[in-house]
Amino acid sequence: MFQRLISQLVLPLLIVGIGIAGLLWLSAKDAPPARTAQTPTPPLVETIPLLAEVPEFKIQVNGNVVSSREVTLSAQVAGTVVLKADSIESGRQVSMSAPLVQLDRSRFELQVDKTASEMKQVEADLRQLLIEEEGSKMLIELATREVRLTEAASQRFQKLLEKDAASPEEIETVERDELQSRNKLRLLLNQSELIPIRRERLETQHDLAENEQSLAELNLLHSTINAPFDGLITSIMVEQGDYVQIGDPLLTLVDMSTMDVECSLQLNDLYWLWNSEESIAPVDTRQTEVAEVVGAVGGAVGGAVGGAVGDAVGDAVGDAGRAAGVFEIPNVDATVTCEVGGQEFHWAGRLSRYDGAEINRRTRTVLCRVRVANPVRSEKVDGPPALMRGMYVTVTLNVKPRVELLRIPTRGVQPNDQVLTVADGVLRVHPIRPAKVLADSVLVRVDSTDLKPGDRIVVTTMVSPLDGVPVRELPPQNSVRDSATAELPDALEREP
């Protein structure tokens, strides 16, 4: 009994003790080695120097070549097309004053001859009137003398009648002669008074005939359609034998002496053009002349009345001059580039004007024109000889900003518009506000950041960088891209 009780109590306890001892032994065998605190290694970063301030940069936009002037020549007189040279076809180049289309001239030549004959007739009537005027003066003198004689005879017969030496019948005869002479004189005087009126009527007829002759000569001149400028024919609407009415289009001529490039600029680009040192808004010559005249008048009035009036007029003239260029695009130089056959060909141009002076609601851009004064290339060894309508080109505008800018390579800008610099092995975080984003770099205003030339900026992408943490900087000789990056601004400025 006692042994059975011991076996039931001691044996389980022994088994449990052996299990606990084995567990403790196994736990002591798998215990990790003692940990020792180690200092973390600072991250390794690549840096490049931040170069000097940006004196200038370039804005590039794409554009299409369009004609600066396209004219549709229409018939100014009606007639039949009697001549159109075979060389006058679409795509042909013509020179200024070259005959293009000839209308029937016979009707206009007859009209010129008719008006010339009418003028000769009126001139003959004027000469006849001059002779009549001279003859009328002589007749008036004779009639005046005749009236004097009849008056003297009448007076003598009156005296004889008082002496009973003449009869009443003789007195009546003398008085009748006197009345006839007076009537004759009156008729001659009336005719002489009508001569100026007749002359005025004839002179008016002469002027009318002269105007009709000028109109006939103008119609005769307009029967020949000549090229108003050197250009290229783009379309022909008539052929020989067609009858055209006044206003019917005949052909379309494009001016090839100058060409325009149509391009769209963003407001950000226009901002830098407005604030460029070379931006000169063109002012209309007539507005300038008016401003000069008003200024002279203001100076005179100010000298006579007082200096306040002169100052007021001067301020008004200045405001007028400034308002004259408000809606004009900055007049900056441009380079037009066309790539053909793997080569680039360049033309010199100038930003000319807005094309509508409004912002496109869909693209939020402003349509502009670049004027190329000489579209024909001087070197004709290879490539296109001239700019042609429809060419797809690149327009490069040179900007010299009035504000100071820093150029940061694109790979030096971290996410969230941050730039990291290293100074004495410590990382510094600089938030930036990009003023202009270029193809390979970002421009930042100097007055909006604490970055300065000479700072070592980090080009290694870092996730969640912290200001003030230690970093290790690669030696300059180990930075493969350090030297190439140092020449980045010059390379970008040389980009077309």
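Of all the residues in region 243-257, those that are open to solvent by 30 Å² or more (accessible area, probe 1.4 Å) and of a type in the set (Val, Ile, Thr) number 1.
So, of the residues in region 45-61 that are in a loop (DSSP other than H, G, I, E, B) and farther than 11 Å from Pro453 by Cα, which turns out to be modelled with the highest pLDDT? Among those that are in a loop (DSSP other than H, G, I, E, B) and farther than 11 Å from Pro453 by Cα, it is Glu46. Of everything in region 128-143 that is free of Cβ contacts under 8 Å to residues at least 40 places away in the same chain and open to solvent by 70 Å² or more (accessible area, probe 1.4 Å), the residue that is nearest to Leu179 (Cα to Cα) is Leu142. Taking the conditions (1) hydroxyl-bearing (Ser, Thr, Tyr); (2) modelled with pLDDT under 90; (3) farther than 23 Å from Pro375 by Cβ in turn, Ser95 satisfies each one other than (3). Of all the listed residues (Glu172, Glu178, Glu210), the sole one being part of a helix (DSSP H, G or I) and at pLDDT 85 or above is Glu210. Of everything in region 346-358 that is surrounded by 14 or more Cβ atoms within 10 Å (Cβ to Cβ) and of a type in the set (Gly, Ala, Ser), the residue that is modelled with the highest pLDDT is Gly349. The set of residues from region 224-242 being under 13 Å from Lys84 (Cα atoms) and open to solvent by 50 Å² or more (accessible area, probe 1.4 Å) comprises Asn226, Met237, Glu239, Gln240, Gly241, Asp242.
Out of curiosity, is Ser448 under 40 Å from the mean Cα position of the chain (by Cα) and either modelled with pLDDT of 90 or more or of a type outside the set (Val, Ile, Thr) (or both)? Judged against the criteria, Ser448 is a match.
For Arg361, the criteria (1) touching a residue at least 60 places away in the same chain (Cβ under 8 Å); (2) surrounded by fewer than 16 Cβ atoms within 10 Å (Cβ to Cβ) hold in every case but one, which is (1).
Residue-level check: of (1) free of Cβ contacts under 8 Å to residues at least 12 places away in the same chain; (2) in a strand (DSSP E or B), Ser352 misses just (1).
Summed over region 368-395, the residues that are surrounded by 18 or more Cβ atoms within 10 Å (Cβ to Cβ) and over 12 Å from Asp260 (Cα atoms) give a count of 1. Number of residues in region 265-274 that are touching a residue at least 40 places away in the same chain (Cβ under 8 Å) and surrounded by fewer than 17 Cβ atoms within 10 Å (Cβ to Cβ) equals 4. Pairs are defined by a Cβ separation below 9 Å, a sequence spacing of at least 6 or placement on different chains, a first member in region 71-95 that is of a type in the set (Asp, Glu), and a second member that is at pLDDT below 95; the pairs so defined are Glu89/Ile233; Glu89/Ile236.
Matching residues to (1) of a type in the set (D, E, K, R); (2) in contact with a strand residue (DSSP E or B) (Cβ under 7 Å, 6 or more places away or on another chain):
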site: Thr150; (1), (2): no, no
site: Leu185; (1), (2): no, no
site: Leu189; (1), (2): no, no
site: Arg199; (1), (2): yes, no
site: Gln205; (1), (2): no, no
site: Ser223; (1), (2): no, yes
site: Gln240; (1), (2): no, yes
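The single residue among Val147, Val174 that is out of contact with any Leu (no Cβ under 8 Å at 6 or more places or on another chain), open to solvent by less than 70 Å² (accessible area, probe 1.4 Å) and not small (Gly, Ala, Ser) turns out to be Val174. Going through region 409-436 one residue at a time, which ones are closer than 20 Å to Thr461 by Cα, hydrophobic (A, V, I, L, M, F, W, C) and either free of Cβ contacts under 8 Å to residues at least 40 places away in the same chain or surrounded by fewer than 21 Cβ atoms within 10 Å (Cβ to Cβ) (or both)? Result: Val413, Val419, Val422, Ala423, Val426, Val429, Ile432. Evaluated against (1) in contact (Cβ under 8 Å) with a residue 60 or more places away in the chain; (2) farther than 30 Å from Ile233 by Cβ, Met388 falls short on exactly one condition, (2). Just the residues that are open to solvent by less than 20 Å² (accessible area, probe 1.4 Å), touching a residue at least 60 places away in the same chain (Cβ under 8 Å) and out of contact with any Lys or Arg (no Cβ under 7 Å at 6 or more places or on another chain), please, taken from region 437-481. If the condition is that a residue be open to solvent by less than 20 Å² (accessible area, probe 1.4 Å), touching a residue at least 60 places away in the same chain (Cβ under 8 Å) and out of contact with any Lys or Arg (no Cβ under 7 Å at 6 or more places or on another chain), then Leu451, Ile457, Val458, Val471, Ser479 are the ones that fit. Figure legend. Inter-residue proximity from region 197-217: first residues within 19 Å of Asp113 (Cβ to Cβ) and of a type in the set (A, V, I, L, M, F, W, C), second residues open to solvent by 80 Å² or more (accessible area, probe 1.4 Å) and assigned to a helix (DSSP H, G or I), beta-carbon distance below 8 Å, spacing 6+ or different chains. Indicated pairs: Ala216/Lys114.
Listed here are the residues, each with its yes/no results for (1) in a helix (DSSP H, G or I); (2) closer than 30 Å to Asn219 by Cα; (3) in contact with a Lys or Arg (Cβ under 7 Å, 6 or more places away or on another chain); (4) of a type in the set (Lys, Arg).
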{"position": "Phe108", "(1), (2), (3), (4)": "yes, yes, no, no"}
{"position": "Val122", "(1), (2), (3), (4)": "yes, yes, no, no"}
{"position": "Asp125", "(1), (2), (3), (4)": "yes, yes, no, no"}
{"position": "Glu134", "(1), (2), (3), (4)": "yes, no, no, no"}
{"position": "Val147", "(1), (2), (3), (4)": "yes, no, yes, no"}
{"position": "Ala153", "(1), (2), (3), (4)": "yes, no, no, no"}
{"position": "Leu160", "(1), (2), (3), (4)": "yes, no, no, no"}
{"position": "Asn183", "(1), (2), (3), (4)": "yes, no, no, no"}
{"position": "Pro196", "(1), (2), (3), (4)": "yes, no, no, no"}
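The values are calculated or read from the model by the stated rules, or taken from the named source; none is laboratory data. Computed from a predicted structure; not experimentally measured. Methodologically, a virtual Cβ is constructed for each residue, glycine included, from the backbone with ideal geometry; neighbour enumeration extends over all protein chains shown. In case anyone asks, the SASA skips ligands and DNA or RNA and just uses the protein heavy atoms, side chains included. Shrake-Rupley method; radii C 1.70, N 1.55, O 1.52, S 1.80 Å.
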